[in-house]
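The values are calculated or read from the model by the stated rules, or taken from the named source; none is laboratory data. None of the values given here were measured: they were computed from a predicted structure. Here the Cβ positions follow ideal geometry from the backbone for every residue, glycine too, while neighbour counts run over all protein chains shown.
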Amino acid sequence: MADAFDARAFRQTVGHFATGVTVVAAEVDGDVRGMTANAFTSLSLDPPLVLFCCGKSAHMSQAIRHTNRFSINMLADTQQDVSTYFAGGWKEPAPPPFSFIPWDGAHRLDGCIAALSCAVETILEGGDHWIVVGRVQALHRSDAGHAPLLFFRGRYGRLNEPETVA
C-alpha cells in the first residue's frame, strides 16, 4: 500500500454503498442529543445486537459515554430536514420541526419509520471512530406507510416503488 492513502477517494468509493439514514438519540443530563448516522447495522439475533459508528470528535461520542441507553431511529423519506439538522448541515436560524417521545428507557424520534431502544453493550475503538454496540431492548414500527430515507454517493435519495411482476 502506498504511504499516502487517498482518504477522499476512499470516502467517495464507499459512498457507492446505498444506506438507510438513522438518528441516534441519547439523553445526557436531562437533554436529548441526536446524531445522524448511516453507519448502522444489525449485528446479532441472539442476543439481539446492533451497532453504529460515531466519529471520535463528534458530540455524540462524549454523550454515548455518559449514558447507558440510546435509540436508533430509522428515518422516513419525509425526514430529510431532520437528518440534515442532526448531521450539522442545517443552515436555517430555526431547527426543522421534530420531537422526541420518551420510550422504553430512551427517546424515540416522532415520525420515524422504525426505532430500536438499546442498552450500551460495549464501545470499541475503530480508527477515528467509536463502534458502539447496543443490546436491543424494545422495537417500534410505524404503520404510516412511509418509505425510508436513503443516502447514496453523498446525496439523499428515495426508494422507487418496485414494478409489479405479472
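Numbers at a glance
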| read-out | value |
| --- | --- |
| Every residue from segment 55-83 that is among the hydroxyl-bearing types (Ser, Thr, Tyr) and in contact with a Ser or Thr (Cβ under 8 Å, 6 or more places away or on another chain) | Ser71, Ser83 |
| Some residue of segment 141-150 being surrounded by 17 or more Cβ atoms within 10 Å (Cβ to Cβ) and either under 21 Å from Glu27 (Cβ atoms) or touching a helix residue (DSSP H, G or I) at 6+ places or on another chain (Cβ under 8 Å) (or both) | yes |
| Enumeration of residues in segment 1-28 that are part of a loop (DSSP other than H, G, I, E, B) and modelled with pLDDT of 90 or more | Val21 |
| Residue within segment 62-77 that is out of contact with any strand residue (DSSP E or B) (no Cβ under 9 Å at 6 or more places or on another chain) and loosely packed, with under 13 Cβ neighbours inside 10 Å present | no |
| Members of segment 86-133 that are in a strand (DSSP E or B), acidic (Asp, Glu) and exposed (fewer than 15 other Cβ atoms within 10 Å of the Cβ) | Glu125 |
| Residue that is surrounded by the fewest Cβ atoms within 10 Å (Cβ to Cβ) [pool: residues in segment 29-53 that are part of a strand (DSSP E or B) and without any contact (Cβ under 8 Å) to a residue 12 or more places away in the chain] | Asp31 |
